[in-house]
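Engineer: The structure's right below; bear with me while I get my questions together.
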Amino acid sequence: MSEGLRLLVLAGDGIGPEITRAALNVLAAVDRALGLHLHFEHTEVGFAALEAHGSTCPDDVIVRARLAHGVILGPVSHLEYPPPDRGGRNPSGALRKQLDLYANIRPARSRVGFPPRCGHDVDLVIVRENTEGFYADRTMFFGNGEFMPTPDLALAVRKVTRGGSIRIAEAAFEIAMQRPRKRVTAVHKANVLRVSDGLFLECVRDVAKRFPEVAYEERLIDAMAAHLVRNASEFDVVVTTNMFGDILSDQATEIAGSLGMAASLNVGAEHAVAQAQHGSAPDIAGQDRANPSSLIGSAAMLFAWLGEKRNDDRLTRAAEIIEAALDAAIAKPEWRTGDLGGPLGTQAFADRVGALVDELA
Ligand code: ATP
Ligand code: MG
């Protein structure tokens, strides 16, 4: 196809199908308004794929993801999946690894009119290393990195590489260069994890020297958790290893408002996957209660990335319009979803955002 964009849509488990449907409503509105010629391809991952094809992430999914211009991935309940020999495979992990999506960009931003939970406005981006740490492929180790040498002793291996640390640091500094405050905070626990976080910090410091315009500082993970509550507005770009980034981003987005607003983009050199920060929220699945802002915002991040990659201003504009429509919807208490104390269900909120897209475009 010479014209337009092919986006692979993987609805996932739990609230995945409903927030994906909601996000696609909004994207259809953007497509109508800007003439982007979006082509959505759908295939299954998660329990639907297990039932239909015997695997929660068939190989075909990875092939199609590689061929698409971008991927929209709903949350998956991978902790509930059967073991690998019975078809269980985490689609999120498989895509991150197979497409080498080494950076997980996780913004936390307060929305106009919705008071942040700790009194200060938040506008930060967590740049989480996405392929190493305690989540790495550690198949070279017995038991995939976690093992029990005796029945009373469990050990886990944490993987940090020079290459992985340098490229995540570069991603963070490049993002900081595009932001007004131009500030990077590296978060670590090198006082205890001297070797692994020692290497991580050494690499971030080296990269920092190449970006003299960017202010650079370091925080211990425990102090960082406290500082976020005390004054999250201090922070601009935060770069950290995989597990610390996973935990801090839930904290930061909840301080900014709600996990239901938490967008993210998994990105590598060639590919990007839009994915909400939260999980499949089985407690509210199928009830039209989920806030789809997370996945709608993730799709906006995908458009911003595609706009830059393809040098196409319409895609950049699409991202801006989606963000502005989300802002306008969340600004009105009567247009919010339940997690933000509002009356709207998932689909009604998406309809509202779609209508705002029409108005703003
Ligand atoms: P998983 O194992 O898939 O991560 P979980 O039970 O940990 O599932 P999460 O999805 O991580 O659930 O959500 C944590 C809490 O936040 C749940 O109470 C969930 O209902 C709520 N939540 C998550 N996403 C949303 C959303 N989009 N809208 C509203 N509430 C949400
Ligand atoms: Mg969870």
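Engineer: Take every DSSP beta bridge whose two residues both sit in the chain, then give the antiparallel share in percent to the nearest 5. Display every interim value, and only then the final one.
Structural biologist: Numbers: 17 of 45 bridges.
Approximately 40 percent, going by the DSSP bridge assignments.
Engineer: Please pull out the direction-averaged projected area of the chain, using the convex hull of its alpha-carbon atoms, in nm² to one decimal place. Numbers along the way, then the final one.
Structural biologist: On the way: hull surface 74.0 nm².
The number I arrive at for the chain is 18.5 nm².
Engineer: Filter the GluC sites (Glu not before Pro) in region 168-245 down to the DSSP loop ones having no more than 15 other Cβ atoms within 10 Å, then list what survives. Spell out each step's value before the answer.
Structural biologist: Numbers: sites: Glu170, Glu174, Glu202, Glu213, Glu217, Glu218, Glu234; in loops: Glu213.
Taking region 168-245 and a limit of 15 other Cβ atoms within 10 Å, the loop GluC sites (Glu not before Pro) found are Glu213.
Engineer: What list do you get for Ile330, Ile126 if you sort them by fewest beta carbons within 10 Å? It would help to have the intermediate numbers written out before the result.
Structural biologist: Numbers: Ile330 25, Ile126 28.
With the fewest neighbours first, Ile330, Ile126 line up as Ile330, Ile126.
Engineer: Also: Take Cys118 and Met177, extend 7 Å from each Cα along the Cα→Cβ direction, and tell me the distance between the two endpoints in nm.
Structural biologist: 3.0 nm
Engineer: Now for a separate question. Set the Förster radius R0 to 41 Å, insert the Cβ-Cβ distance between Asp351 and Leu67 as r into 1/(1 + (r/R0)^6), and round the FRET efficiency to 0.05. Display every interim value, and only then the final one.
Structural biologist: Working: r = 32 Å, r/R0 = 0.77.
The value I calculate is 0.85.
Engineer: List the pair-distance distribution P(r) of region 226-361, using every Cα-Cα distance, as the percent of pairs falling in each 10 Å bin from 0 up to the bin containing the longest distance, rounded to whole percents.
Structural biologist: Per 10 Å bin, starting at zero, the Cα-Cα P(r) for region 226-361 comes out as 12, 37, 36, 15, 0 percent.
Engineer: Return the single residue from Ile105, Ile166, Ile247 with maximal mean-square fluctuation; model: Gaussian network over the chain, springs between Cα atoms under 10 Å.
Structural biologist: The residue that fluctuates most here is Ile247.
Engineer: Within a 10 angstrom radius of the beta carbon, how do Glu3, Glu80, Glu323 rank from fewest other beta carbons to most? Could the numbers behind the result be given before it?
Structural biologist: Details: Glu3 7, Glu80 14, Glu323 20.
Ascending Cβ contact count within 10 Å gives the list Glu3, Glu80, Glu323.
Engineer: Right, another one. Kindly put Lys159, Lys309 in sequence by how many other C-beta atoms sit within 10 Å of each C-beta, fewest to most.
Structural biologist: Arranged by neighbour count, lowest to highest, Lys159, Lys309 become Lys309, Lys159.
Engineer: Okay, moving on. Would you look at the GNM of the chain, springs on alpha carbons closer than 10 Å, and say which of Asp351, Asp250, Asp152 moves the most?
Structural biologist: Between Asp351, Asp250, Asp152, it is Asp152 that shows the largest mean-square fluctuation.
Engineer: With each pseudo-label sitting 7 Å past Cα toward Cβ, what's the Glu334-Arg6 distance in nm, one decimal?
Structural biologist: 4.5 nm
Engineer: Further, regarding this structure: Gaussian network model of the chain, Cα springs within a sub-10 Å range: biggest mean-square fluctuation belongs to which of Arg336, Arg183, Arg194?
Structural biologist: Evaluated over the chain, the most mobile residue of the options is Arg194.
Engineer: Extension gain His39-Met148, at 0.36 nm per residue separation less the Cα-Cα distance, in nm? Don't skip to the answer; put the middle values down first.
Structural biologist: Values: separation 109, 0.36 × 109 = 39.24 nm, distance 4.83 nm.
Once the chain is fully extended between His39 and Met148, it gains 34.4 nm.
Each reported figure results from applying straightforward, stated rules to the coordinates on display, with no laboratory input. All of these numbers come straight from a predicted model, not from anything done at the bench. Every residue, glycine as well, gets a Cβ built from its backbone with ideal geometry; the counts of neighbours run over all protein chains shown.
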